[in-house]
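Beneath this line is the structure, given in structure tokens, with notes to follow.
The values are calculated or read from the model by the stated rules, or taken from the named source; none is laboratory data. Keep in mind that what you see is a predicted model, and the values were worked out from it rather than measured. We place every Cβ from the backbone using ideal geometry, glycine too, and count neighbours over all the protein chains shown. These accessible areas exclude ligands, DNA and RNA; they are computed on the full protein's heavy atoms, side chains included. Shrake-Rupley method; radii C 1.70, N 1.55, O 1.52, S 1.80 Å.
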Amino acid sequence: MEKNKTLASLQKYAMIIALIIVVAFFYWKTGGKILLPQNINNLISQNAYVFILATGMLLCILTGGNIDLSVGSVVCFAGGVGASLMDKGVNTWVAVLAMLGIGLLVGIWHGFWIAYVKVPPFIATLAGMYAFRGLSNVVLGGMTVSIDDETFINVFGGGANCYVPDLIGNSETFNMTCMVAGIVAVVLFIGLQMKSRINSKRRGYETEAFTGVLVKMIIISAVILWAAFKLSNYKGIPTALIWILLVLLIYGYVTTKTRMGRYLYAVGGNEKATRLSGINTKSVYFFAYVNMGLLAALAGILTVARATSAQPTYGQGYEMDAIGACFIGGASAYGGIGTVPGVVVGAILMGVINQGMSIMGMDANYQKVVKGLVLLIAVIFDVVTKKEKK
Amino acid sequence: MKKITKRFPGVLALNDVSLTLKAGEVHALLGENGAGKSTLIKVLGGIYIAEEGEIYIEGQKVTIDGVKAAQENGIAIIHQELVLVPHMTVAENIFLGREPMSGHFVNSKKMTEDAQQLLDAYHMNIKADMLVGKLTIAQQQMVEIVKAISFNSKILVMDEPTSSISDKEVEFLFATMRNLTAKGVGIIYISHKMSELEQICDRVTVMRDGEYVGTKVVKETNKDELIAMMVGRELTNYYTRDFLEPGEVVLQCSHISDGHMAKDASFEVRKGEIVGFAGLVGAGRSEVMKCIFGLTKGYKGEIYIDGKKVEIKSPIDAMKYGIALVPEDRKQEALYKIQSVRYNSTIEVLGSFIKGIFVDNAKEEEITQRYIDMLSTKTPTQDQLVGNLSGGNQQKVVIGRWLATDPRILILDEPTRGVDVGAKSEIYAIMNELVKKGMSIIMISSELPEIINMSDRIYVMNEGNITGCLDRHEVSQESIMKLAAN
């Protein structure tokens with residue numbers, strides 16, 4: 001029995017262990033460069049889209065392993081429309097709303113065919129992948145449209161000033177706001193953990209071993225503090241991080257605490273049972289895809305802001321990064337299993353591999369080979385451990 | 001099979017189990033769920049390899065280390081879930097993997113002819129060139145049997161073959177089995193249905209908790225003794241039912257029809273009453289209930305609750321009027337196996353503890369615990385995955401889920417299917433408690449003893465119509481079968 005327990009917890013934290021190994025590997029291969037403050041910063045900013053898209057993708061995957069292949073094209077389309085509007089002098093916020101509106105419409109388009117007409121998601125979104133890539137080209141006229149709207153660029157994390165200004169400290173080299181934010185986050189995190197633990201104890205509920213929880217809390221707190229320290233030594237909190245955190249917190253809550261969240265798991269776990277329960281399963285699929293469209297638009301906004309331009313080729317392969325992050329993060333290819341924290345680990349792992357290989361100067365083609373293999377290994381691990389359990 | 005022992009991580013699934021099968025006999029294997037019957041069969045079929053023990057066939061010691069080896073030794077297993085390819089013909093299924101060839105090509109003409117010959121030899125009214133997907137469950141089972149025989153099997157294992165076929169089809173199945181035993185085939189027969197033992201089996205071996213309990217000649221034993229062997233204790237009152245005078249009519253349905261399986265059903269249910277629905281599989285019982293629960297679009301007929309006509313167009317409407325439905329197929333239609341007991345218990349009543357964006361976790365746990373206690377569901381914690389519970393406890397979770405909606409009319413479709421004897425008895429006791437508190441229960445059941453002992457009144461259906469209503473004083477297996485078969 002003891003052995004089983006160790007094995008179970010090993011499985012539970014397998015991806016975290018994998019992450020540590022991968023980080024250690026790149027630390028060694030890049031001579032420590034990967035953990036330089038600037039690279040930590042880039043890891044977050046450059047991979048913001050992975051976090052956002054993977055969160056949306058998780059909701060689709062939960063409904064039964066359904067994926068959305070169109071997100072890369074939608075990122076480009078929404079970004080392209082926004083860039084063109086701003087190029088014509090449209091107000092920043094009108095452009096932002098237009099981009100989000102386009103995301104919603106795309107989501108409704110996909111959601112309608114998938115939920116109400118029962119077109120397989122793979123096909124419906126494959127069609128979208130072509131169509132919206134084409135439309136992006138039309139909107140941009142096949143050219144690069146640059147963005148010089150300062151507000152837009154700063155708020156969504158592009159250019160040189162895409163950091164939360166240092167409100168507390170006045171040092172040139174150390175961003176006090178960032179460090180304080182990190183400390184506040186850790187205190188909040190520990191507080192919430194303790195509160196839920198005390199609550200379950202009080203209700204006479206079986207809780208995890210305290211040492212295990214303690215180790216987990218210490219590790220997570222240390223990582224947060226360490227990241228905050230690194231960022232403080234660079235330019236502070238990148239604004240992209242604010243958007244990432246916002247999305248992760250909202251969707252972490254939606255998936256675990258709301259009715260729609262539970263329905264997502266229900267539909268993926270047993271669609272027939274859900275229908276027999278009087279739950280409108282169509283609206284659940286519809287929600288997942290509309291939401292995906294919206295988040296794809298947000299990712300589009302962050303992508304064009306970071307590049308301060310829109311190009312017809314933006315967003316290519318983003319769908320694969322998002323899908324990869326979900327499966328690496330423990331989502332089941334059959335639906336019904338997966339969490340937002342899992343996706344975070346998956347997205348970071350994807351990001352570290354992206355970043356590490358770039359720093360090593362690896363050929364972009366080989367990078368793709370490695371990413372493909374990582375995804376395959378993650379799914380093999382999932383399949384094999386499930387088989388063992390049976 | 002001698003002294004077979006099989007361990008799984010943390011569990012001793014089989015401990016020193018022995019079984020002797022004679023040529024030409026039907027040997028029943030009895031035991032509650034989790035007793036180790038399936039594991040024993042899987043060892044015989046080469047799906048699992050036992051750590052200890054030996055297998056002898058016709059006196060010769062054999063090693064069965066895989067499915068292929070089992071086939072070569074003349075062992076064929078017909079699993080509970082049929083494993084045929086629906087898009088292929090009957091003949092293709094029978095000869096799958098060993099198609100008769102002419103040169104490099106499959107000789108489909110010969111294959112179809114050979115298959116037809118086999119089918120005809122057992123008087124099966126099936127065409128070899130039909131697609132398997134178009135056959136009924138019972139016919140598919142026959143195809144499985146023919147497939148097994150075509151291997152020249154000497155030992156045939158049947159795992160609950162009658163769980164999803166009608167009584168008439170069971171008769172035919174038994175006739176086929178007698179045909180086989182006459183030719184010297186030995187059959188190991190797993191079933192939960194006691195009544196079938198006398199009809200078809202010669203000897204019976206009982207297992208409990210992975211151990212061998214004993215072997216009896218069917219003619220020299222009786223049901224009570226066997227049940228006592230299975231559960232390890234005497235079940236004095238297997239059925240619990242205090243018949244009280246029912247109250248006023250709460251549900252009245254007239255001329256319910258879905259235009260397909262359910263043709264014309266009119267019936268009423270009183271407060272504090274258990275109303276049984278008997279009939280053959282495919283008689284339209286479940287379909288009628290699906291109409292009443294709002295699952296069938298565009299059904300015809302009228303529904304009255306407390307004498308007032310109501311419109312039920314969706315399960316949400318049905319729940320509003322206090323109707324709950326525990327479906328027939330637990331695994332397919334009710335359980336979220338990869339989710340916890342708590343998740344499964346509260347999915348119908350999320351509104352009572354999730355208000356807008358606020359969640360009351362304590363309330364959720366309290367609701368879950370209430371029904372765990374009430375139904376004495378055996379689960380280590382509320383966080384246990386439902387898929388890890390036994391069939392009986394899974395069923396209790398599903399019943400609890402619907403009781404949480406506080407229904408007035410509870411529809412139970414085959415509530416004890418795939419549930420072991422001990423849990424069955426507990427479910428009967430719970431049903432008795434519920435109606436005593438004033439709930440009304442509609443129970444669909446294909447097990448005649450169960451429906452006869454538990455119901456105040458029994459409606460019998462045949463081909464979509466209600467052919468009669470029997471009071472509990474005038475009911476008997478014969479009177480039901482007469483109405484059911486017409």
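Condition test on A:Asp166, is it open to solvent by 60 Å² or more (accessible area, probe 1.4 Å), of a type in the set (D, E, K, R), touching a residue at least 24 places away in the same chain (Cβ under 8 Å) and over 30 Å from A:Gly65 (Cβ atoms)? Working first, answer last.
Values: open to solvent by 60 Å² or more (accessible area, probe 1.4 Å): no; of a type in the set (D, E, K, R): yes; touching a residue at least 24 places away in the same chain (Cβ under 8 Å): yes; over 30 Å from A:Gly65 (Cβ atoms): yes.
Answer is no for this residue.
Test B:Lys396 against the criterion of being among the basic types (Lys, Arg) and open to solvent by 10 Å² or more (accessible area, probe 1.4 Å), and give yes or no. Outline the logic, then answer.
Numbers: among the basic types (Lys, Arg): yes; open to solvent by 10 Å² or more (accessible area, probe 1.4 Å): no.
Criteria not met by B:Lys396.
Taking B:Ala423 and the conditions (1) surrounded by fewer than 17 Cβ atoms within 10 Å (Cβ to Cβ); (2) in a helix (DSSP H, G or I); (3) of a type in the set (Gly, Ala, Ser), which numbered condition does it fall short on, given that it satisfies the others?
Here B:Ala423 meets the rest and fails (1).
Of everything in the range B:316-336 that's more than 7 Å from chain A (Cβ to nearest Cβ) and open to solvent by 70 Å² or more (accessible area, probe 1.4 Å), which residue is nearest to B:Gly351 (Cα to Cα)?
B:Lys320
Those residues that are touching a residue at least 60 places away in the same chain (Cβ under 8 Å), in a helix (DSSP H, G or I) and closer than 25 Å to B:Ala35 by Cβ, I need them from the range B:387-410; list them, please.
Within the range B:387-410, B:Gly391, B:Gly392, B:Gln394, B:Gln395, B:Val397, B:Val398, B:Ile399 qualify.
Could you tell me whether any residue of the range B:358-367 is closer than 24 Å to B:Lys424 by Cβ and buried (at least 20 other Cβ atoms within 10 Å of the Cβ)? Even if it seems obvious, please write down each step before you answer.
Quick first cut of the range B:358-367, residues closer than 24 Å to B:Lys424 by Cβ only: none.
No, the range B:358-367 contains no residue that is closer than 24 Å to B:Lys424 by Cβ and buried (at least 20 other Cβ atoms within 10 Å of the Cβ).
Are any of the residues in the range B:266-287 touching a Cys at 6+ places or on another chain (Cβ under 9 Å), more than 12 Å from every other protein chain (Cβ to nearest Cβ), surrounded by fewer than 18 Cβ atoms within 10 Å (Cβ to Cβ) and more than 21 Å from B:Gln395 (Cβ to Cβ)?
Yes, there is a match, as at least one residue in the range B:266-287 is touching a Cys at 6+ places or on another chain (Cβ under 9 Å), more than 12 Å from every other protein chain (Cβ to nearest Cβ), surrounded by fewer than 18 Cβ atoms within 10 Å (Cβ to Cβ) and more than 21 Å from B:Gln395 (Cβ to Cβ).
What do you reckon, is A:Leu276 of a type outside the set (Gly, Ala, Ser), assigned by TED's automatic domain parsing to the domain that holds A:Val94, touching a residue at least 24 places away in the same chain (Cβ under 8 Å) and open to solvent by 10 Å² or more (accessible area, probe 1.4 Å)? Step through it out loud before you land on a result.
Numbers: of a type outside the set (Gly, Ala, Ser): yes; assigned by TED's automatic domain parsing to the domain that holds A:Val94: yes; touching a residue at least 24 places away in the same chain (Cβ under 8 Å): no; open to solvent by 10 Å² or more (accessible area, probe 1.4 Å): yes.
Taking the combined requirement at face value, the residue does not satisfy it.
Would you call B:Glu311 farther than 21 Å from B:Glu414 by Cβ, of a type in the set (D, E, K, R) and at the interface with another protein chain (Cβ under 9 Å from one of its Cβ atoms)?
Criteria not met by B:Glu311.
Among all residue pairs at least 6 apart or on different chains, which show Cβ distances below 9 Å where the first residue, located in the range A:174-201, is outside any helix (DSSP H, G or I) and the second is among the aromatic types (Phe, Trp, Tyr) and open to solvent by 50 Å² or more (accessible area, probe 1.4 Å)?
From the range A:174-201, the pairs are A:Asn175/A:Tyr234.
Within the range B:248-264, restricting attention to residues that are open to solvent by less than 60 Å² (accessible area, probe 1.4 Å) and within 16 Å of B:Met461 (Cβ to Cβ), which residue is farthest from the chain's Cα centre (by Cα)?
Filtering the range B:248-264 down to residues open to solvent by less than 60 Å² (accessible area, probe 1.4 Å) leaves B:249-251, B:253-254, B:256-258, B:262.
Next, from what is left, pick out any that are within 16 Å of B:Met461 (Cβ to Cβ): B:253-254, B:256-258, B:262.
Working: B:Cys253: 28, B:Ser254: 30, B:Ile256: 26, B:Ser257: 26, B:Asp258: 25, B:Ala262: 22 Å.
Ranking the qualifying residues of the range B:248-264, first place goes to B:Ser254.
Quick check on my filter: what residues within the range B:337-352 are among the basic types (Lys, Arg) and more than 9 Å from chain A (Cβ to nearest Cβ)? Don't jump to the end; show me each part of the working.
Pass one, the range B:337-352, residues among the basic types (Lys, Arg): B:337, B:342.
Passing the criteria: only B:Arg342.
Within the range B:361-378, is even one residue more than 13 Å from every other protein chain (Cβ to nearest Cβ) and under 30 Å from B:His255 (Cα atoms)?
no
Name the one entry in B:Gly464, B:Gly468, B:Gly422 that is under 30 Å from B:Glu81 (Cα atoms) and either within 19 Å of the chain's Cα centre (by Cα) or without any contact (Cβ under 8 Å) to a residue 40 or more places away in the chain (or both).
B:Gly422
Checking the structure you have, find out if any residue of the range B:373-386 is among the basic types (Lys, Arg), part of a helix (DSSP H, G or I) and open to solvent by 10 Å² or more (accessible area, probe 1.4 Å).
Within the range B:373-386, the subset among the basic types (Lys, Arg) is B:378.
From the residues that got through so far, the ones that are part of a helix (DSSP H, G or I) too are none.
Scanning the range B:373-386, I find no residue that is among the basic types (Lys, Arg), part of a helix (DSSP H, G or I) and open to solvent by 10 Å² or more (accessible area, probe 1.4 Å), so the answer is no.
Let's see how each residue does on (1) surrounded by fewer than 17 Cβ atoms within 10 Å (Cβ to Cβ); (2) of a type in the set (Ser, Thr, Tyr):
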site	(1), (2)
B:Glu54	yes, no
B:Lys61	yes, no
B:Asp65	yes, no
B:Ala70	no, no
B:Thr89	no, yes
B:Gly103	yes, no
B:Thr112	no, yes
B:Tyr122	yes, yes
B:Ala138	no, no
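Could you please give the count of residues in the range A:221-242 that are part of a loop (DSSP other than H, G, I, E, B), under 16 Å from A:Ile34 (Cα atoms) and among the aliphatic types (A, V, I, L, M)? Even if it seems obvious, please write down each step before you answer.
Start the filter on the range A:221-242 by keeping residues that are part of a loop (DSSP other than H, G, I, E, B), which leaves A:234-237.
With under 16 Å from A:Ile34 (Cα atoms) added as a condition, the list becomes A:234.
Filter once more, so that each one left must be among the aliphatic types (A, V, I, L, M): none.
Qualifying residue count for the region: 0.
When the residues of the range A:273-294 are narrowed to those that are modelled with pLDDT under 95 and farther than 15 Å from A:Val117 by Cα, which ends up nearest to the other protein chains (Cβ to nearest Cβ)?
A:Gly278
Can you pull out the residues in the range A:323-345 that are outside any helix (DSSP H, G or I) and among the small types (Gly, Ala, Ser)? Working first, answer last.
At the first step, the residues of the range A:323-345 found to be outside any helix (DSSP H, G or I) are A:329-339.
Hits for the range A:323-345 are A:Gly329, A:Gly330, A:Ala331, A:Ser332, A:Ala333, A:Gly335, A:Gly336, A:Gly338.
Within the range A:181-197, does at least one residue satisfy the condition of being among the charged types (D, E, K, R), more than 14 Å from every other protein chain (Cβ to nearest Cβ) and open to solvent by less than 70 Å² (accessible area, probe 1.4 Å)? Quick ask: steps written out before the conclusion?
Going through the range A:181-197, the residues among the charged types (D, E, K, R) turn out to be A:195, A:197.
Among the residues that remain, those that are also more than 14 Å from every other protein chain (Cβ to nearest Cβ) are: none.
Within the range A:181-197 (the criterion being among the charged types (D, E, K, R), more than 14 Å from every other protein chain (Cβ to nearest Cβ) and open to solvent by less than 70 Å² (accessible area, probe 1.4 Å)), the answer is no, since none of the residues qualifies.
What are the pairs, 6+ residues apart or on separate chains, where a residue within the range A:208-222 that is under 24 Å from B:Gln384 (Cβ atoms) has its Cβ under 8 Å from a residue that is small (Gly, Ala, Ser) and open to solvent by less than 90 Å² (accessible area, probe 1.4 Å)?
Taking only residues 6 or more apart or on different chains, the pairs are A:Gly212/A:Ser9.
Take the residues in the range A:138-163 that are at pLDDT 90 or above and assigned to a strand (DSSP E or B); name whichever of them is most open to solvent (accessible area, probe 1.4 Å).
A:Ser146
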